[in-house]
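Novice: Right, I'll just put the structure down here and ask away after.
The values are calculated or read from the model by the stated rules, or taken from the named source; none is laboratory data. All values reported here derive from a predicted model rather than from experimental measurement. As a convention, Cβ positions derive from the backbone with ideal geometry for all residues, glycine included, and neighbour counts pool all protein chains shown. Just the protein is used for accessible areas: all its heavy atoms, side chains included, with ligands, DNA and RNA removed. Shrake-Rupley method; radii C 1.70, N 1.55, O 1.52, S 1.80 Å.
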Amino acid sequence: MSQIDAKDALLDAALMHVAFDGWTEVTFEAAIVDAEVNPVVAKALCPRGAVDLAVAYHKRGDQQMLERFASEDLSALRYSEKVAALVRFRLQACDDKEAVRRGSTLFALPQYAGTGAELIWGTCDAIWNALGDSSDDVNWYTKRMTLSAVYGSTVLYWLGDESEAQTATWEFLDRRIDNVMQFEKAKAQFRASPFGKLMSGPLEVLGRVRAPQSRDDLPGQTRQ
């Protein structure tokens, strides 16, 4: 069994226990037994135990979102509608709400909050990249920060949504996307206003901010 197969087997086995025991050491130990993976190999693949399996579960959802995006024809949609569609694909990739709920609780803990923020950022980065985002300045950051806020709030709403076919969640998502578009419109109006033109000098420094050249290049750098 390859390392990838072993980790997938551990994750699949863990999902049978998460609803009862959360992303905990109890779940991790049960997954090792159920998946029949050597404990030494399991701990080498997941040094943080179930925490690393929770990370793998999130990233699996990102991959499923991208695969669905590649198979769908969204050409007739407006750009904002494509963003909403990808967020919807991402949530629909989660077939176990309790696993997501338990993960949200886990990544709210202080020691794992940084990991949780990184995962949400990674999801939003994947969405913008899938849509062909070519920004290489401060907009690279603001797009991902804004979408992270939209995605995070939509996940929380979705976790409590009991409407048929999650229609309430999708309406909530559309409202949040509309809010973002209104904000972008307001930004453009500000730049065109007399005060915005007056502030163009002080704000020029933002034009020197560069998008990271790689994931190891965060949080970016300024042009020399």
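Novice: May I ask for the percentage of alpha-carbon pairs in the stretch 1-61 that lie more than 16 Å from each other?
Specialist: Percent of Cα pairs beyond 16 Å in the stretch 1-61: 28.
Novice: A further question follows. Report in % the part of the accessible area of the stretch 83-162 that belongs to carbon and sulfur, leaving out ligands and nucleic acids; probe 1.4 Å.
Specialist: Details: 1880 of 3420 Å².
Ligands and nucleic acids excluded, carbon and sulfur give 55 percent.
Novice: Another question, then. Would you kindly calculate the translational diffusion coefficient of the stretch 64-145, applying Stokes-Einstein with the Kirkwood radius from alpha carbon pairs, for 10 °C and a viscosity of 1.306 mPa s, and quote it in µm² s⁻¹ without decimals?
Specialist: Numbers: Rh = 14.1 Å.
Answer, rounded: 113 µm²/s.
Novice: Could you give the accessible area per residue of the stretch 25-77, probe 1.4 Å, as a whole number in Å²?
Specialist: 55 Å²
Novice: Let me ask something else. From the backbone phi of the stretch 102-110, what are the Karplus-calculated ³J(HN,Hα) couplings (6.51 cos²θ - 1.76 cosθ + 1.60, θ = phi - 60°) in whole Hz, Gly and Pro given as x?
Specialist: 5, x, 4, 5, 4, 7, 8, 5, x
Novice: Turning to a different aspect of this structure: Report the gain in length on full extension from Ala76 to Asp96: 0.36 nm times residue separation, minus Cα-Cα distance, nm rounded to one decimal. Don't jump to the answer; show the numbers that get you there.
Specialist: On the way: separation 20, 0.36 × 20 = 7.20 nm, distance 3.07 nm.
Gain on extension, Ala76 to Asp96, equals 4.1 nm.
Novice: Not counting ligands, DNA or RNA, and with a 1.4 Å probe, what is Tyr79's accessible surface area in Å² rounded to the nearest 10?
Specialist: 110 Å²
Novice: Sticking with this one: Answer with one residue from Ala130, Ala117, Leu66: the one whose Cα lies farthest towards the positive end of the charge dipole of the stretch 35-157, charges on Cβ with Lys, Arg +1 and Asp, Glu -1.
Specialist: Positive-most Cα among the choices belongs to Ala117.
Novice: Shifting gears a bit: How large is Rg over Rh for the stretch 1-114, taking Rg from the Cα atoms and Rh as the Kirkwood inverse mean of 1/r across Cα pairs? It would help to have the intermediate numbers written out before the result.
Specialist: Working: Rg = 16.0 Å, Rh = 15.2 Å.
My calculation puts Rg/Rh at 1.05.
Novice: Collect residues whose amide H, placed 1.01 Å from N in the peptide plane, falls under 5 Å from the amide H of Asp137; neighbours closer than 5 in sequence don't count.
Specialist: The list, which skips near neighbours in sequence, is Ala211.
Novice: Also: Filter Lys59/Lys143; Lys7/Lys59; Lys97/Lys143; Lys7/Lys82 down to the pairs with a C-alpha to C-alpha distance above 22 Å, please. Don't skip to the end; give the middle numbers.
Specialist: Numbers: Lys59/Lys143 20 Å; Lys7/Lys59 12 Å; Lys97/Lys143 27 Å; Lys7/Lys82 32 Å.
Where the Cα-Cα span goes over 22 Å, the pairs concerned are Lys97/Lys143; Lys7/Lys82.
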